[in-house]
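The values are calculated or read from the model by the stated rules, or taken from the named source; none is laboratory data. Being a predicted model, the structure only gives us computed values, none of them experimental. Here the Cβ is made from the backbone with ideal geometry for all residues, glycine too, and neighbour counts use every protein chain on show. Only protein heavy atoms, including side chains, enter the accessible area calculation; ligands, DNA and RNA are left aside. Shrake-Rupley method; radii C 1.70, N 1.55, O 1.52, S 1.80 Å.
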Amino acid sequence: MTRAAAHVLLVDDHPKALEVFELRLKGLGHRVTIANNGEVAIGVVERDRPDLVVLDVTMPEMNGYQACRAIKRIDPAIAVIILTAKTEAADRFWASQSGADEFLNKPIDPALLVQKIEALLGKSS
Amino acid sequence: MTATSLAAWMTGALVAFAIVPTVVVLAREGVRRRRTRAALARVAEATRASVTPGDAGVIARNLRERFDPATVERAVEELLRSGEQASRDLGARLFAELELVTRYAETLRSARKWSERAHAAELLGLAGASSAVPALVAAMNDRYEDAMSVKSAATTALAKLRDPTAIPLLVGELVALDEGSARSVAEALVAFESLAVTPLLELLADPSRAAARVWAARVLGRIGDPRATEDLVTRLHDRDDLLRMAAAEALGAIADARATQPLIRATLRDPAPQVRAHAAAAVARIEGERAIDVLVAALADPDYATRLRALEAFEAIRVEDTSHLESALRDPNVDVRRRAALALERVGYLDRVIGRLTSPDRATRERAYAALSELGSVGLLDSVVAYIHHESFEVRAIVARVSGELGASRVAPLLRGRLNDDAWPVRAALVEALGRLKAPGTASAIVELLVDPEEPVREAAADALTSFSPGELAEHVDRLTAAYDAGSVVVRTQMVILVARFEQDAAIARAAEPLLVRASVDASDAVRLRAVTALGDRSGELCVQALVARLTDASLDVRMAAVAALGSAASTEAFEGLLGALAGAAPALRDRIADSLSRGARQQLFLRLDELEKASSLDVRLGVAWTLGKCGVAAGVPVLARFLRDASPVLRASAAGALAKIAGPEAREALLTAAEDPNGRVRAAVVNALGRAPSGEPRVVATLERCTRDPDAFVRNRALVSLACVAGESVEPRLDELGREADGAARLVAAAVVGTESSLATVLDGIAAPGALEGVMKFLAHEDPAVRAAFFAAVHLDDPTAVGPERADVPALVAQYESLLRTSLDVAARRFAVRALGRISGGRGASGGRSADVLADALTSDPAEDVRLQAARALAPRRDDAVARRALVRAVGDPSADVAIGALQALAGRRDPEVALALARRLGAGPPRVQRLTESTLADIHRDDPWPFLDWMMGVDVPDLLVPAVRVLEQMASPATAPLLAELVRSRSSSLRAAAVRALGALPSPDTTLLATLAEDPSEDVRLAVLETMTWSGESLLRGGLLRNDPSVRVRTALAVSLARFEGAATKSALKVVRALLDDASPVVRAAALATLLESRDPAGLHEFVHLWPATALDVRFELRAEPRAVAITESLAARLTTSTEAPSRRAAVTAMGALGVPSVEERLAPALQDPSPDVRVAAIQALAALDLPSARARIAQMASDPDGSVREAARRSVVRTVG
């Protein structure tokens, strides 16, 4: 069950990587915002509480884990999905330690991501 | 008829012929006038009779009836010329009535005489006969017509007629006429005023009428109609210079403000000077004073050509205020300056300046002088010099002076020509100027003035001659001598100077000598001094005698000069003279005498040394001492040594000072004997002298050390410094103690001279104290120059006395070091500067802040590693400063490991994110020791809160960074990291797993169960890591024990090693595993197991070792000797040897020590030879025998007399074995 017109924030220092997801999400009626680093993402979260944030781990200045913690401090209800190319168990572990709700490895199937997003949004609704 | 009467008759006839026509003419003229007057009377009568204009016809008829035509015409002409308007009007009417227009027009056209034609033209004009215009114009048109009379009359007539129909004709005439005629036509057109404007403008616009256009412009200007302004402005850009000039002039006459700007532009930019001048004048006419502002602005224009034109305009305007022109005298452009000068001259400025030269007001005179000089320098020199003939002698004198100052030799002939001026100030000034100019050929003229009646002139001449070369004056020696004889002190001095230069030519020089000799006894000190100095450059008996005579001169300067002069003379006379001068000589003179004696008279000195040594005069003996010092040869030592025993302390001190200058052991010996002199000054001199001894000379060092306890503070200070000079670095450890009783300044100087790192640090700390630096400077002021130089070299500073007055305070010091650091190419100097800045300025105020920048620069960019390292250390205390911190952070990446470590150490304890991030980025980079320090610093920073670091490290996408990051976690040893580490041990990367294992092992309470599971890790590194960190117990041993079957020798060896750490209940279990390893295939493993038995805390291990050892294979024995733990185990066994009360244990320990065979084992085994137990002694003998060392054999040999037979037997066997 999904919630219509949710606000999803996509964060990656390579925005092109998010275009596919953006299209998909918009196609589903969601509002999508894109940020290219953790600091900007925090700003968006503070101003305009998204319902869900998708974070890439490896970003300069502030990585995904740091951003995740900061987001959870602002609003624990915001769902966070961590994306990373790193597949170690420790990475998954750390994602959970930092408060992420979901951990996905790159390369990501857009459909899978959308599915996870929808699932988390459904949970939160 | 006689000649006389004939002549008389002819004369009379001639007179008659001359007179008769005259009479006839006069008579006829008289008749005509009478008739004219009659006609005029008739006209007047008729006029009175009627007043209507129509009556003119009646009057005309009357006149025609009663008088002849000529009379009537004359009467009418009279009327036309009358001063009364009514008469002239009547005349005009009569002229018309009498139809004289036609007649006179005809006359104008065809009369043969020009006077008639001119007359006709005039009358036509007077009559106002418009119908005569064509005739008048035709007359003007006639190219053959006389211009000055007829055409002029026609022009005037036309002007009077003011008939507009004449205008086109006149304008047309402008085109055709020559210059002279055009002027008349122009005048005529002017009279038409505004009526002529339009046709003139049309002409102005016609490019084919070049000359006429110019006239048109002029006429328009004369007319002054503003309608012409625009067209005239347009013509300011015409190609024709004359036209532009005329247009400019005309615009000025019209004075229309619309023309101002175009005229200004023309003033400044027109290529033709005349046009610019006219334009400037026009601007002045239009704008008046405002024009000046424009031109002043133009004088400041960056374009020099514009400035030039502005000056021309100023000149053209002839303004009263010449200040702007004067300011242009200082224009940067030479052409502008010259032009300004020229303009000023033209406007009379130079004349005014000349006039002010004689002002009663001094300031005015001075300004005038300056102005004159300025004008001369910028190009008016000739104009200025021309005033050399001015009536005022003051002016002449000043002009002469200025001419000389300006230095242009081309005016010299002019000046020379005035040398016979009546006024002596002028002559003096001229001479002075000629001296400055040094023009060839003027020397002779100046020489003439050496005998001028006036003293100032003679003096000026004498002074001027010094500018000339000796060659030019050589021929005047006699005159110079005469001038000397008659001259004042000034003249005599100059003459001496002049003849002193006659060196090149020997003959002339000889000729000049008598003058010099005479001058050497001149009444004036200055003259004698000059003469003596000059005589010093000459040789010859005469000169020497004169110099010797001056040794007793009343003037000290002369005596000094004579002494110096005699220095090069090797004659007996010179020597005797110098010796004689010693008596009563002041120290400065004595020094000079000694210097001279040491040069030319040295040989004689040494020949008579014995005699001089015994001289009764102390001054002589002092002189001898000083001289021997200056000679600096060992031959003088015996005498000086005897002088050291002289009754006079002054002589003894001098002897010590002299011995200081003589190298060699004899001199030193002599000084050492005088170190205990009863007089403090002598001891100080001795101590100073000893400071020059060769480096490290033991007796000197010892003596100086004693002198640091001298009762005299002066001696103590000197001794300390001298000691530093001689002993150098070797005295550094004792410097504080030795300098305890010396002054602070002396201690600092000594420390600087010693020059070690720590002594220089002391110096830097010392001079940073308030007043310390000043004290050092005062101390050094009296110090040996070599010591002074050594001090400043040591602290890498400039000697203030060498570079000029400098503040001797800390800020100045800091500034010097900062400059040194920035600019010196010497690495040692920069390194020192860094140290100095770190110690001296360390955070104090503004100088501290600036130094931080300098030090930061040095840390990040100095090419020398040493300097950067020092900078890191210097910045460490300032790490709270942002600049310093940034530099230190950058320096963590320095290519030099030492510098990076220095920076890391400086940053240790700084917990700000900037530092943490910078260090994190350095993880894994650099040499191992840098990496270790980076990791430990990071661990320290994040110890209290590891989360930010953990987040950062997990977000890093570079796998190579994770391993060093985990090492940081290992150093943190924070339980908070355990969960993550537990995950990391499952990493796919073996190196990461191994690092995680170590990190887990470092935790306060490591999960040994987890670690034990990792004992089965497929990676050898991981298994090794497990073994490194494992603390064995129960279950863990169970798992770990499986490793005894590990395929890796390293792992099995590590297992054996790690089993030494077993404790408590696991001990026995561990030994079991160890025993299993004793059967290992690898001798390395077996040796490690054996070593573990020895290392075990369980005594059974040792005994087991002893039990096994005899059967141990050779390869294992070798490996055991290479066991890394052998030394530590041997020490432990040696302790047991001395502490155990059980002989078997001691025997086992001895056997084990022998088996391990570490290099120092012989010493460890030696006590066992004295053990109370024979078994132990036997074991010791056996162990020592196995060493196969001569010293061991010697010990064993001593056991041959052991009371126990088994011991003796063991000793004997070991010897046999050795021999066998």
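Pairs are defined by a Cβ separation below 7 Å, a sequence spacing of at least 6 or placement on different chains, a first member in segment A:81-97 that is within 7 Å of chain B (Cβ to nearest Cβ), and a second member that is not in a helix (DSSP H, G or I); the pairs so defined are A:Glu88/B:Ser987; A:Glu88/B:Arg988; A:Ala89/B:Arg986; A:Ala90/B:Ser987; A:Asp91/A:Thr84. For B:Glu611, indicate whether it is among the charged types (D, E, K, R), at pLDDT below 85 and either under 30 Å from B:Arg510 (Cβ atoms) or open to solvent by 60 Å² or more (accessible area, probe 1.4 Å) (or both). No; evaluated as a whole, the condition is false for this residue.
Scanning segment B:1079-1105 for residues that are open to solvent by 30 Å² or more (accessible area, probe 1.4 Å) and of a type in the set (A, V, I, L, M, F, W, C) yields a total of 3. Tallying residues that are touching a Lys or Arg at 6+ places or on another chain (Cβ under 8 Å) and surrounded by fewer than 24 Cβ atoms within 10 Å (Cβ to Cβ) within segment B:881-897 yields 5.
Of all residues in segment B:643-663, those that are under 14 Å from B:Gly623 (Cβ atoms) have Cβ atoms under 7 Å from Cβ atoms of residues that are at pLDDT 90 or above and assigned to a loop (DSSP other than H, G, I, E, B), 6 or more apart or on another chain, in B:Ala655/B:Leu644.
Yes or no: B:Arg747 surrounded by 15 or more Cβ atoms within 10 Å (Cβ to Cβ), of a type in the set (Lys, Arg), in contact with a Lys or Arg (Cβ under 8 Å, 6 or more places away or on another chain) and part of a helix (DSSP H, G or I)? No, not satisfied. Candidates are the residues of segment B:1166-1200 that are in a helix (DSSP H, G or I) and of a type in the set (S, T, N, Q); the one that is surrounded by the most Cβ atoms within 10 Å (Cβ to Cβ) is B:Gln1182. Which residue is modelled with the highest pLDDT, if the candidates are limited to segment B:1034-1056 and must be more than 22 Å from B:Ser991 (Cα to Cα) and open to solvent by less than 50 Å² (accessible area, probe 1.4 Å)? Filtering first and then ranking leaves B:Ala1056. Does B:Thr1029 count as β-branched (Val, Ile, Thr) and surrounded by fewer than 19 Cβ atoms within 10 Å (Cβ to Cβ)? For B:Thr1029, the condition - β-branched (Val, Ile, Thr) and surrounded by fewer than 19 Cβ atoms within 10 Å (Cβ to Cβ) - is not met. Only residues that are away from chain A (no Cβ under 11 Å) and either closer than 14 Å to B:Arg921 by Cα or open to solvent by 20 Å² or more (accessible area, probe 1.4 Å) (or both) were counted across segment B:950-998, and they come to 15.
The numbered conditions (1) in contact (Cβ under 8 Å) with a residue 40 or more places away in the chain; (2) surrounded by fewer than 16 Cβ atoms within 10 Å (Cβ to Cβ) are all true for B:Val185 except (2). For the structure I just gave you, tell me whether B:Ser359 is part of a helix (DSSP H, G or I) and either open to solvent by 60 Å² or more (accessible area, probe 1.4 Å) or of a type outside the set (D, E, K, R) (or both). No, not satisfied.
In segment B:246-262, the qualifying residues are those that are under 12 Å from B:Ala316 (Cβ atoms) and open to solvent by less than 40 Å² (accessible area, probe 1.4 Å), and the one that is nearest to the chain's Cα centre (by Cα) is B:Ala248.
Within the set B:Ala920, B:Ala916, the sole residue that is within 14 Å of chain A (Cβ to nearest Cβ), over 21 Å from A:Glu88 (Cβ atoms), open to solvent by less than 20 Å² (accessible area, probe 1.4 Å) and not in a loop (DSSP other than H, G, I, E, B) turns out to be B:Ala916.
Whether a residue is within 14 Å of chain B (Cβ to nearest Cβ), of a type in the set (A, V, I, L, M, F, W, C) and open to solvent by less than 30 Å² (accessible area, probe 1.4 Å) was assessed, and A:Leu52 does not pass this test.
Sort out which residues of segment B:240-299 are outside any helix (DSSP H, G or I) and either touching a residue at least 12 places away in the same chain (Cβ under 8 Å) or in contact with a Gly (Cβ under 9 Å, 6 or more places away or on another chain) (or both), and write them in order of number. Within segment B:240-299, B:Asp240, B:Ala255, B:Asp256, B:Asp270, B:Ala272 meet the criteria.
In segment A:100-125, the residues that are among the charged types (D, E, K, R) reach residues that are open to solvent by 60 Å² or more (accessible area, probe 1.4 Å) and not in a helix (DSSP H, G or I) with C-beta atoms within less than 6 angstrom, at least six apart or across chains, in these pairs: A:Lys106/A:Ala85; A:Glu118/A:Thr2. Of the helices (runs of 4 or more DSSP H) lying entirely inside segment B:450-543, those carrying at least 3 residues that are modelled with pLDDT of 85 or more are B:455-465, B:477-486, B:489-500, B:506-519, B:525-536.
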